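The values are calculated or read from the model by the stated rules, or taken from the named source; none is laboratory data. Here the structure is a predicted model, which is why all the values come from computation and not from measurement. With ideal geometry, Cβ positions are generated from the backbone for all residues, glycine too; neighbour counts draw on all protein chains shown. The protein model used for the area step is the full one, side chains on, heavy atoms only, and it has no ligands, DNA or RNA in it. Shrake-Rupley method; radii C 1.70, N 1.55, O 1.52, S 1.80 Å.
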Amino acid sequence: LLRGATFNDAVQEIHGFVELNRLHEDQTTFAPNGMTALYDGALDAIEAIETYGRDLTAKDFFVNGIVVIVTDGAENRSRTATIQKIKDALARIARAEQLESIKTILIGIGDSSQVKAGLEQFRKDAGLDQFLWVGDATPSRLAKMAEFISKSISSASLSLGTGGPSQNLGLN
């Protein structure tokens with residue numbers, strides 16, 4: 001299942017949790033613009049997985065979650081979320097044990113060393129699992145990013161039922 005959301009000046013859900021084979025092209029496109037509500041977007045994604053995971057677990061499903069945050073900018077617009085709220089949500093998920101595991105990946109795109117440094121610090125401070133810097137958004141690099149995301153989702157699926165998290169992967 002995949003949920004899509006954007007975080008420009010505010011967080012906006014593109015679509016709720018949908019089976020990948022039932023997604024339509026118009027459910028996967030958006031027009032990024034404006035500022036970067038990174039903290040609000042990250043917290044929204046983590047809490048959405050927490051809520052949906054709890055609902056699925058209550059129906060006797062095994063559940064893993066993976067949050068992939070892709071951004072070309074550092075935090076400059078969040079209204080309600082803070083790094084502490086993100087850390088608290090991740091800790092709450094770990095304590096509740098309703099998800100077998102959750103993996104959080106931050107992916108940065110662009111050519112700004114300042115943005116890269118800010119995203120690296122955000123990953124560390126928020127307790128996210130992994131940070132990857134793609135660099136310039138060339139067709140080749142975006143294709144590698146898409147392949148990485150696909151492999152990360154597969155890794156999370158393969159670890160389901162093992163009691164352990166999926167493994168960190170890298171861009172090839």
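This model, with +1 at the C-beta of Lys and Arg and -1 at the C-beta of Asp and Glu, gives the chain a dipole about its Cα centre of some 320 debye. Over the residues of the chain, the helix contribution to mean residue ellipticity at 222 nm works out to -13500 deg cm²/dmol, using -39500 (n - 2.57) for each DSSP H run of at least 4. Across segment 44-58, computed HN-Hα scalar couplings (Karplus, 6.51 cos²θ - 1.76 cosθ + 1.60, θ = phi - 60°) run 4, 5, 5, 5, 5, 5, 4, 5, 5, x, 5, 5, 5, 4, 5 Hz from first to last residue, x flagging Gly and Pro.
The H on the amide N of Asp72, modeled in the peptide plane, is under 5 Å from the matching H of Ile109, each at least 5 residues off or on a different chain.
For segment 13-75, trypsin sites (Lys or Arg not before Pro) meeting the loop criterion (DSSP other than H, G, I, E, B) and having at most 16 other Cβ atoms within 10 Å: Lys59. Close lysine pairs were tallied over the chain: pairs 8 or more places apart or on different chains with Cα atoms under 16 Å apart number 6.
Helix 113-126 and the longest principal axis of the Cα set of the chain meet at an angle near 20°. Computed extension length for Gln84-Gln130: 14.8 nm, one decimal, from 0.36 nm per residue of separation with the Cα-Cα distance subtracted.
Which loop-located GluC sites (Glu not before Pro) does segment 54-162 contain, where loop means any DSSP state but H, G, I, E or B and the Cβ has at most 13 other Cβ atoms within 10 Å?
Glu97
Computed over every Cα-Cα pair of segment 25-104 and binned at 10 Å starting from 0, the pair-distance distribution P(r) comes out as 17, 43, 30, 10, 0 percent.
The modelled label-to-label distance for the pair Leu1/Gln121, using points 7 Å beyond Cα in the direction of Cβ, is 3.7 nm. The list [x] 1.17; [y] 0.94; [z] 1.01 gives values of Rg/Rh (Cα atoms, Kirkwood Rh), and only one came from this structure; which label was calculated from it? The value computed from this structure is option [y].
In whole percent, how big is the carbon plus sulfur part of the accessible area of segment 33-118, probe 1.4 Å, protein atoms only?
The value for segment 33-118 is 49 percent carbon and sulfur by accessible area.
Projecting label points 7 angstrom from Cα along Cα→Cβ for Lys59 and Arg141 puts them 4.0 nm apart.
Excluding ligands, DNA and RNA, the accessible surface per residue across the chain is 57 Å² with a 1.4 Å probe.
Provide the FRET efficiency to the nearest 0.05 for the Ser113-Ile14 pair, computing r from the beta carbons and using R0 = 30 Å.
0.50
When the Kirkwood radius is taken over all Cα pairs of segment 70-110, what Stokes-Einstein diffusion coefficient follows at 37 °C and 0.692 mPa s, in µm²/s? Here the translational diffusion coefficient equals 269 µm²/s.
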